[in-house]
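Below is one structure, written out as structure tokens; comments come after it.
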Amino acid sequence: MEAAAIELDAISTISGTSTAPFAEVYVTLSKLELIQLVMEARSWKSLHQRAVSRLQQVQDSTQRFVSQLRERTQRRQAALYAALALTQQAATQREAALRAELDAAQAKVRDLQQRLFGRKSEHSKGASELQRRPGHQPAPRGQRPGAPGHRSKMLAHLPARSETVGLNSPQCPDGGEFLSEFPGTEDSEALEIEVKTYRRLIRRRRCRPSCRCGCVPGIVTAPAPCRLIARGKFGISEWAAVMLDKYLYGRPSHHLLQDLGHYGLDMSPGTLVGGLISDETCQSWATAIRRCWPGR
């Protein structure tokens, strides 16, 4: 019985639990065998701890190697990106210089062609003949001193926006005292043009019946605004501008797309061509005109 109790205590010590898993089973062992089992358990436990420690060291070294490799890769990528940016900048500058040289050469060619093949008036004498005259001085160009000038015509039918411009620092430059305001303003006018592209956010209100008569089946939503193409993202104003620009002003389509791109509106050539040649567009035009302007 003493040997069995010692065995149970050893098993409890090895397993780390207060209650033995087989409390009702008794095994008879010699003390030598018990000591051997305890020593083997401690040996295996020590080996396990060493293996766990080595595994942790390997994982730490692997993690350090991966972090170092990632840092080296990031540095190399940054260097490559910087070199690529410098190369692209140099190529852009070179292209701009070549384009400037090409434009200058083409302008020179046009000027020479105009001088050689351009029309010349038979009523006016050439510059060489006038220069041969002794004491000839060409008249200065531009408006003559003392001659009445013409005023620019301002379009009074356009809407006006008033802007008040004040002095940045209304102070005397020497004494530093503030300048007193003089009654009246110095007025001038300038013609400006403003074109904007915006997103039209449509929020349709919904209502539900408050009675129980059953005439209204459920939630009622306000009708959607007119669209030229069903479920299209471009509104009627955009297609109207396209139609006017294409068929009234006769501008090429790629110039129109470039103009729209300057205002932040990107339209693909396929969308433009498909909207112009499709039968759905013509039918949608007629339907939209009838809905928005009844009687037309």
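The values are calculated or read from the model by the stated rules, or taken from the named source; none is laboratory data. Source: prediction; values computed, not measured. Cβ: placed from backbone, ideal geometry, glycine included. Neighbour counts: every protein chain shown. Surface areas here come from the heavy atoms of the whole protein model, side chains and all, with no ligands, DNA or RNA. Shrake-Rupley method; radii C 1.70, N 1.55, O 1.52, S 1.80 Å.
General observations
- Restricting the GluC sites (Glu not before Pro) of region 150-257 to loop positions (DSSP other than H, G, I, E, B) with no more than 16 neighbouring Cβ atoms within 10 Å leaves Glu163, Glu177, Glu181, Glu186, Glu189, Glu192, Glu194.
- For region 34-126, carbon and sulfur atoms together expose 57% of the accessible surface, with a 1.4 angstrom probe and every protein chain in place.
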